[in-house]
Amino acid sequence: MIPFDMPSEPRITEMSWPTKIVFGAGALQRLPAQVARLNMKRPLVMTDAGVVKAGLVQRVYDVLKGANVAYASFEQVNPDPTEHDAVAGLEAYRRHQCDGIIAIGGGSPLDAAKLVQVLTTHEPPLSRYDDATGGDQYVRDDMPPLIAIPTTAGTGSEVSRSGVATLSDTGRKTVIFSPFLMPKAAICDPELTLGLPPGPTAATGMDAFTHCLEAYLSNGFHPLADAVAIDGIARVARSLPLAVSDGKNLVARSDMMVAAMQGAMAFQKGLGACHALAHALTPISKVHHGLANAIVLPVVMEFNRPSCTARLARVAQAMGDTSTAREEALAVNAVERVRKLNATIGIPVRLRDVGVQEKDLERIVDKAFQDASHRGNPRPCTLDDLRAMLRESF
């Protein structure tokens, strides 16, 4: 048994976990009850074109109409949200005199909805609330309620205290982070993920996996997050290949929806260099965030291995290693198991295979170093370290 390690000295840590979660096949039918609980009279339903095309947002409209709930809609969130999406959503919110938000979709509509929440009561620009510069201290608990309905099993934004978007004045993918951004309710219905194609299933699933793994390895102290992260790692390892190969497998889809929530619950502890690089790859090279995480993750794990051997050994065990090998061997196996998982679900091996250009590498590494995520990395990493990991992943 690989022991949990404890910090070398006591720390005072604040921990949050308050979102009400309605989970299970058919949970969407419980949406009106949550609208009533939160005293919403006219919520703004926020989503994107993909969710509209899939017919999923119509299911939300039908449930609301069936319960005689008035609502307005904003269906123009971009796949990787920007500050413009939040501003446009705010205009719709005010124009229709809404008093709450229902966000349905992947991480993009859910994150954009959180930033609309901020702008309803907080002065722009959003960069003022950047977690990397201590902006979380300016986020107040006077925002309208949000109900989140995920249609992918990846970001876990439905239970997280962060919203992510590329900001206008910095051009950087930025995390706005506060416990006050946690949705007041999450409707987690795995039936809404059954139609997701294999590629997006794989990419979003590896986003959930990376959240769990980086949170578990991060240098923060949060034993509750550690336990949740390890369970999430085990769920992804056993269920993501099934969800990719058989998209109608409701058991696998349910397992992945739990793992996505667990990843977001866990990463309040911190993330690492993988996310710093992925946050830069998306705005510069237009690589899907989960896909960027998946490609870079084995290289970052290898970099971190000397600093977190015991924890990586436990990751290997969570992914199915039942051997009695020494910690060092188990840690090596953890990296190889992640590489094998990527291969099994069809993740490309190299960044150049998904359109990243060599000429952009220096810009990417500069933005990655500006990203606060790498501060949680278990092994401190310099600009040169990030550059080396990016080039190896390329």
Exercise for review: Give PRO144, PRO109 a once-over and let me know the one that is touching a residue at least 24 places away in the same chain (Cβ under 8 Å), touching a helix residue (DSSP H, G or I) at 6+ places or on another chain (Cβ under 9 Å), part of a loop (DSSP other than H, G, I, E, B) and within 28 Å of GLN262 (Cβ to Cβ).
Suggested key: PRO144
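With the condition being more than 21 Å from the chain's Cα centre (by Cα) and buried (at least 24 other Cβ atoms within 10 Å of the Cβ), I'd like the helices (runs of 4 or more DSSP H) fully within segment 244-340 carrying at least 2 qualifying residues.
309-318
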Practice item. Can you give me the number of residues within segment 44-59 that are outside any helix (DSSP H, G or I) and either under 30 Å from GLY171 (Cα atoms) or touching a Cys at 6+ places or on another chain (Cβ under 6 Å) (or both)? Key: 5
Exercise for review: Tell me, please, whether a residue that is open to solvent by 20 Å² or more (accessible area, probe 1.4 Å), within 14 Å of ILE176 (Cβ to Cβ) and among the acidic types (Asp, Glu) can be found in segment 88-95.
Suggested key: no
Practice item. Select from segment 346-394 the residues that are under 16 Å from HIS288 (Cβ atoms), among the acidic types (Asp, Glu) and not in a helix (DSSP H, G or I) and list them in ascending order. Key: none
Exercise for review: For segment 69-76, state whether one or more residues are in contact with a helix residue (DSSP H, G or I) (Cβ under 6 Å, 6 or more places away or on another chain), of a type outside the set (A, V, I, L, M) and open to solvent by less than 10 Å² (accessible area, probe 1.4 Å).
Suggested key: no
Check your understanding: Which ones in segment 152-173 are open to solvent by 10 Å² or more (accessible area, probe 1.4 Å), assigned to a loop (DSSP other than H, G, I, E, B) and among the polar types (S, T, N, Q)?
Key -> THR152, THR155, SER168, THR170
Check your understanding: Which pairs do you get when a residue that is under 16 Å from ALA278 (Cα atoms), found in segment 167-178, comes within reach of a residue that is modelled with pLDDT under 85 and part of a loop (DSSP other than H, G, I, E, B), reach meaning Cβ atoms under 9 angstrom, with the pair 6+ apart or on two chains?
Key -> LYS173/ASP80
Review point. Which residue pairs have Cβ atoms under 6 Å apart, sit 6 or more places apart or on different chains, and have a first residue in segment 231-255 that is in contact (Cβ under 8 Å) with a residue 24 or more places away in the chain and a second that is surrounded by fewer than 17 Cβ atoms within 10 Å (Cβ to Cβ) and in a helix (DSSP H, G or I)?
Key: PRO241/THR344; VAL244/PRO198
Review point. How many residues does segment 344-384 hold that are of a type in the set (Val, Ile, Thr) and under 28 Å from MET319 (Cβ atoms)?
Key: 6
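Can you tell me which residues in segment 175-196 are outside any loop (DSSP other than H, G, I, E, B), touching a Gly at 6+ places or on another chain (Cβ under 9 Å) and either open to solvent by less than 10 Å² (accessible area, probe 1.4 Å) or over 15 Å from ALA112 (Cβ atoms) (or both)?
Residues satisfying the conditions are ILE176, PHE177, LEU181, CYS188, PRO190, GLU191, THR193.
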Exercise for review: Output yes when any residue across segment 212-227 is within 14 Å of the chain's Cα centre (by Cα) and in contact (Cβ under 8 Å) with a residue 60 or more places away in the chain, and no when none is.
Suggested key: yes
Review point. Do we have MET40 as in a loop (DSSP other than H, G, I, E, B) and modelled with pLDDT of 95 or more here?
Key: yes
**Study point:** Near pairs, Cβ below 8 angstrom, 6+ apart or cross-chain, from segment 113-131 (assigned to a loop (DSSP other than H, G, I, E, B)) to any residue that is buried (at least 24 other Cβ atoms within 10 Å of the Cβ) and among the hydroxyl-bearing types (Ser, Thr, Tyr)
**Key:** HIS122/TYR129
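Pick out the one residue from ASP80, ASP62 that is assigned to a loop (DSSP other than H, G, I, E, B) and of a type in the set (Asp, Glu).
That would be ASP80, the only listed residue that is assigned to a loop (DSSP other than H, G, I, E, B) and of a type in the set (Asp, Glu).
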Check your understanding: Mind checking whether some residue in segment 234-242 is over 12 Å from LEU341 (Cβ atoms), outside any helix (DSSP H, G or I), open to solvent by 30 Å² or more (accessible area, probe 1.4 Å) and not β-branched (Val, Ile, Thr)?
Key -> no
Practice item. Take segment 345-368 and flag every residue that is surrounded by 19 or more Cβ atoms within 10 Å (Cβ to Cβ) and within 15 Å of HIS275 (Cα to Cα). Key: LEU351, ILE364, VAL365, LYS367, ALA368
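The values are calculated or read from the model by the stated rules, or taken from the named source; none is laboratory data. Please read these numbers as outputs of a predicted model, since none were measured by experiment. Ideal geometry is used to build each Cβ from the backbone, glycine not excepted, and the neighbour counts take in all protein chains shown. Side chains are part of the model used for accessible areas, which takes the heavy atoms of the whole protein and leaves out ligands, DNA and RNA. Shrake-Rupley method; radii C 1.70, N 1.55, O 1.52, S 1.80 Å.
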